[in-house]
Structures are given as structure tokens and as C-alpha cells.
1. Those residues that are over 15 Å from the mean Cα position of the chain (by Cα), farther than 21 Å from Val366 by Cα and part of a loop (DSSP other than H, G, I, E, B), I need them from the range 444-476; list them, please.
2. Which of the residues that make up the range 376-405 are in contact with a Gly (Cβ under 7 Å, 6 or more places away or on another chain), in a loop (DSSP other than H, G, I, E, B) and open to solvent by 10 Å² or more (accessible area, probe 1.4 Å)?
3. Any idea which of (1) touching a Leu at 6+ places or on another chain (Cβ under 8 Å); (2) within 26 Å of Glu38 (Cβ to Cβ); (3) part of a helix (DSSP H, G or I) is the one Glu373 doesn't satisfy?
4. Being more than 17 Å from the chain's Cα centre (by Cα) and among the aliphatic types (A, V, I, L, M) is the filter here, so list the residues in the range 142-163 that pass it.
5. When you look at Val271, is it assigned by the TED database to the domain that holds Gln168, within 21 Å of the chain's Cα centre (by Cα) and among the β-branched types (Val, Ile, Thr), yes or no?
6. For the range 271-294, enumerate the residues that are over 17 Å from Asp467 (Cα atoms) and open to solvent by less than 50 Å² (accessible area, probe 1.4 Å).
7. Please enumerate the residues belonging to the range 295-317 that are under 16 Å from Ser478 (Cβ atoms), polar (S, T, N, Q) and surrounded by fewer than 21 Cβ atoms within 10 Å (Cβ to Cβ).
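The values are calculated or read from the model by the stated rules, or taken from the named source; none is laboratory data. Since the model is a prediction, treat every value here as computed from it, not as a measurement. Backbone-built Cβ (ideal geometry, glycine too); neighbour counts: all protein chains shown. Ligands, DNA and RNA are excluded from the accessible area calculation, which covers all protein heavy atoms including side chains. Shrake-Rupley method; radii C 1.70, N 1.55, O 1.52, S 1.80 Å.
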Amino acid sequence: MVDAKPVFQVLLHLLFLCLCSANGVQSFKEKKVLKLQEFRWRQHGGTRSTVCLSQKSRKEKGATILEIKHRDYCSGKIVDWDKKQQKRLIFDDLHVRSLQSQFKNRVSGRIKDLSEAQIPLTSGIRLQTLNYIVTVELGGRNMTVIVDTGSDLTWVQCQPCKLCYNQQEPLFNSSASPSYKSVLCNSSTCQALQFDTGNSGACGSNPTSCNYVVNYGDGSYTRGELGSDHLSLGATPVNNFVFGCGRNNKGLFGGASGLMGLGRSESVSLVSQTSALFGGVFSYCLPTTEATASGSLIMGGDASIYKNSTPISYTRMVPNPELSTFYFLNLTGISIGGVALQNQSFASGGILIDSGTVISRLAPSVYKAVKAEFLKQFSGYPPAPGFAILDTCFNLSAYQEVSIPTLKFHFEGNAELNVDVTGIFYLVKTDASQICLALASLSYEDEIGIIGNYQQKNQRVIYNTKDSKLGFAEESCSFI
């Protein structure tokens with residue numbers, strides 16, 4: 001007589017495998033737990049301040065550390081969070097479309113000459129999607145500026161102003177600063193800016209001034225002249241810092257005084273102007289949108305002051321002469337729940353890492369593979385309609401917590417970005433009835449992929465321009 005016990009065990013094993021296949025929640029090897037109630041509160045709860053002034057700073061082991069905040073809690077009361085979240089996706093789409101257009105124009109050499117400008121710059125950035133701010137001191141006055149790795153020129157609104165948008169702090173008054181100087185049109189600084197941007201132009205109505213214009217993808221702009229003044233990054237002085245003094249500015253800039261350019265240029269970016277102080281190294285840890293959350297922007301490269309919980313893994317920066325402002329990396333793979341995806345696009349070239357883009361963008365074939373594997377592993381949950389650029393959505397309003405597969409970006413040199421649990425899903429609706437995978441597809445295969453700031457939260461991201469390398473490490477962001 002055949003022993004039924006082994007047969008029964010085999011049947012149990014087969015049943016277990018079937019259940020695993022039917023319910024992707026339990027089938028993947030690597031997972032993270034997302035507590036939905038806490039996630040919802042972090043995204044949309046707490047008390048918001050109408051201003052974000054007097055942010056903290058300190059010096060440590062030769063580095064300067066500035067507190068970095070999310071802009072949502074510095075722009076007044078937000079009445080409708082759902083509408084805010086949805087508008088951010090729409091603006092992010094405009095921002096990326098503008099970037100892609102700029103990339104094509106730069107590479108093909110078809111940058112348009114702009115009137116009323118000595119040094120025309122083209123950015124294509126929608127500033128409503130630039131989410132992180134710091135406070136610096138310029139000419140003795142506190143200025144809250146938006147942090148952007150995709151721009152070279154730092155600028156603020158200045159008096160007298162022909163046209164200025166509303167900001168929370170008083171406008172910068174160049175005539176009230178004894179250390180302010182105009183940058184002359186025939187100076188090497190003005191010519192270097194022209195060389196970096198690949199544009200030519202005549203001086204403005206004032207023949208001694210070095211005029212500039214920055215045009216953004218939505219019709220926003222800033223125009224003015226270059227000047228220099230005393231800049232303080234916390235307790236660290238930067239003498240004769242060159243910046244744009246904006247006299248004609250239009251757009252929705254969230255009440256910030258201007259923008260901090262952390263791009264890769266060798267002349268006017270903050271990184272290049274402070275290279276003697278900080279060695280061309282800076283890093284940031286971007287906080288969540290929780291009301292009390294803060295992160296840090298560190299100028300300087302002593303790794304002992306980082307609070308990372310995992311070792312730093314480095315990858316080389318890929319040079320791109322036509323797009324020298326931006327930081328490019330070689331993306332070699334993506335894994336979902338520990339499953340490595342195969343796609344020939346991984347070997348085709350660089351991907352941009354950008355603090356101004358919210359949602360990461362992938363080539364259509366790569367996104368298709370990511371979506372398929374994610375749905376395979378995260379199955380059994382009610383679907384929800386897509387919204388704007390996000391098309392992989394779920395209704396999780398009935399759940400207190402869910403286990404979700406990990407998301408990792410792999411780069412040349414075995415570096416990896418292990419996306420924080422708060423960067424995998426995007427809340428379209430605050431009751432979690434519409435919560436989506438926070439990745440989107442580009443329109444065409446030949447467009448440039450982007451790693452957005454949403455996937456960079458709670459990471460120490462280190463930019464070493466001197467050695468042309470970029471590092472990642474997990475870190476629970478805080479200023480303290």
C-alpha cells in the first residue's frame with residue numbers, strides 16, 4: 001500500500017506554489033512595508049508654515065551644512081491636497097517635455113537667439129516642480145532659493161524691478177549693498193557665461209552691463225544683469241560671488257527669492273565658484289514632504305559627516321559636451337523585488353539625475369518591462385485609473401499597510417540607488433483610493449531618461465565634480 005503522507009506533502013507544496021503565483025504580494029524575494037496611514041499623514045498632514053526663513057546651518061570638518069526643506073511647507077496653506085498632487089504631475093510633464101526639447105536643440109545646435117539679452121540661457125524648467133529650498137545670505141540679506149542641479153546660474157529678484165512676482169522676503173537691493181559690483185559686458189566672466197551656454201549676443205541698453213535671460217518651458221522667465229556680491233553659506237563666506245540680478249521676472253516660483261544653480265559649468269555655477277573652498281564636492285539628502293521633515297545640503301566632501309546607514313557606492317559621471325550643465329550616469333539595470341530586468345536600452349547610454357524633475361522617466365521599452373514585473377509581483381489589489389503621466393495605479397484605501405517589491409537602479413561600477421519606500425508610490429488622492437507606481441514612460445526610445453527627486457528621497461547623493469563621480473547611500477534625512 002502506498003504511503004499517503006509523502007503524496008500529501010507534495011500536494012501541499014504544489015498548493016503553496018500556486019498560492020504564491022496567484023498572490024504576487026508574497027512571491028517576491030525583496031520587499032518593503034508601506035504603512036499607508038503614516039504615508040498619507042506624512043504627505044499631507046501637520047502644520048504648514050507661511051514662511052521658511054532662518055533655516056539652520058553649521059560648519060563641520062571643513063564642510064558647510066545647510067538645512068534643506070520641501071517647498072510645500074513654505075508657501076502658505078494648501079486647501080486642496082489632491083488638486084496640488086495632480087497639478088504637480090501635470091507641471092512635471094511640461095518640465096520634462098521642455099527638457100527633452102532643450103536636449104534636442106542643444107545637440108543639434110539649434111538654440112534660438114533671444115532678444116533683449118546679452119547672454120541668453122535656455123533651461124526649459126518649470127519651477128513649480130522644483131521642490132527643495134535653502135536659505136543663504138547675499139549682500140547681508142537672507143534669501144530663500146530653490147535648489148536646482150539642472151541650472152548653472154544662481155539668481156535673485158532685485159530692486160528696482162520692472163516686473164517681479166510675489167516673494168516672501170524683501171527684494172534684494174543692490175544699491176543698498178556696499179559690496180555689490182556689476183559684471184562688465186567685456187569681462188572674462190561675461191564671456192565665460194557666453195561660452196558655457198553656446199550663445200552669442202550684444203550688450204543690452206546699458207553697454208557696460210552683462211545682461212542675461214533665462215527662459216522656462218511654461219513661459220516663465222528671469223531677465224537682468226550679472227553682478228557680484230558677498231555670499232554667506234551659513235558661516236562660510238564666498239567673496240565676489242557672481243549671480244543674476246533679476247529685474248524682469250515672471251512665473252510661479254512659490255514665493256522663493258530666486259534659484260541656486262548647482263549645475264556642472266566651469267564658470268558661474270555655485271559648485272565651480274566655490275571649488276577652492278569645497279573641492280567641487282556637494283551632496284544632499286532630500287526629505288519627505290512631512291511638515292517637520294528637513295534634510296541637508298552639504299558643501300564639501302568629508303564623508304565622515306554623512307549619516308548614511310549603508311556604504312556609499314560610486315559611479316562615474318558621463319561627460320556630455322553638448323549638455324555640459326547636466327549630470328549624466330550610465331544606467332546598467334533595474335531590479336524589482338530582487339528580479340533583475342533585461343533590456344538592451346541599458347547599454348545604450350546615459351541617464352540624467354536631476355533635482356528638478358519629480359517623477360523618474362524611463363525609455364518606453366524599459367518602463368514596459370518594469371511595469372510588467374511590478375504588476376506580476378504586486379498583484380491581487382484593486383486597480384485604479386491612471387492619472388496624467390502615471391498609468392500603474394491601485395485603490396489601497398481599504399488597507400492599513402502593504403508589502404511592496406523593492407525598486408533599485410543599478411549603475412556602472414556596481415553602484416545602486418535603493419529607492420526608499422516613500423519613493424515607490426505616489427499618492428494621487430490622499431485617501432489612497434488612487435495611488436500609483438511613481439515611474440513614467442518617455443514618449444520615444446531616443447529621449448534621455450531621468451532620475452527624479454521623488455526616487456532620491458532619504459538618500460545621500462554625493463556629487464564629486466573634481467573626480468567626476470557620483471555616489472549613493474541610504475540615509476534617514478534630518479538636519480540634526
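1. Thr465, Lys466, Asp467, Ser468, Glu475, Ser476 - these are the residues of the range 444-476 that are over 15 Å from the mean Cα position of the chain (by Cα), farther than 21 Å from Val366 by Cα and part of a loop (DSSP other than H, G, I, E, B).
2. Passing the criteria: Ser379, Gly380.
3. (2)
4. Once the filter is applied, which keeps residues that are more than 17 Å from the chain's Cα centre (by Cα) and among the aliphatic types (A, V, I, L, M), the range 142-163 yields Met143, Val156, Leu163.
5. Working: assigned by the TED database to the domain that holds Gln168: yes; within 21 Å of the chain's Cα centre (by Cα): yes; among the β-branched types (Val, Ile, Thr): yes.
Answer is yes for this residue.
6. From the range 271-294, those over 17 Å from Asp467 (Cα atoms) are 284-294; that's our starting set.
Those that are over 17 Å from Asp467 (Cα atoms) and open to solvent by less than 50 Å² (accessible area, probe 1.4 Å): Tyr284, Cys285, Leu286, Pro287, Thr288, Thr289, Glu290, Ala291, Ala293, Ser294.
7. Here is the first cut: in the range 295-317, the ones under 16 Å from Ser478 (Cβ atoms) are 295-298, 305-309.
Retained after the next criterion (residues that are polar (S, T, N, Q)): 296, 308-309.
Answer for the range 295-317, where residues must be under 16 Å from Ser478 (Cβ atoms), polar (S, T, N, Q) and surrounded by fewer than 21 Cβ atoms within 10 Å (Cβ to Cβ): Asn308, Ser309.
Per-residue answers, yes or no, for (1) touching a strand residue (DSSP E or B) at 6+ places or on another chain (Cβ under 7 Å); (2) in the same structural domain as Asn418 (by the TED database); (3) aromatic (Phe, Trp, Tyr); (4) crowded, with 24+ Cβ neighbours inside 10 Å:
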residue: Thr430; (1), (2), (3), (4): no, yes, no, no
residue: Leu439; (1), (2), (3), (4): yes, yes, no, yes
residue: Glu447; (1), (2), (3), (4): no, yes, no, no
residue: Gly452; (1), (2), (3), (4): yes, yes, no, yes
residue: Ile462; (1), (2), (3), (4): yes, yes, no, no
residue: Lys466; (1), (2), (3), (4): yes, yes, no, no
residue: Phe479; (1), (2), (3), (4): yes, no, yes, no
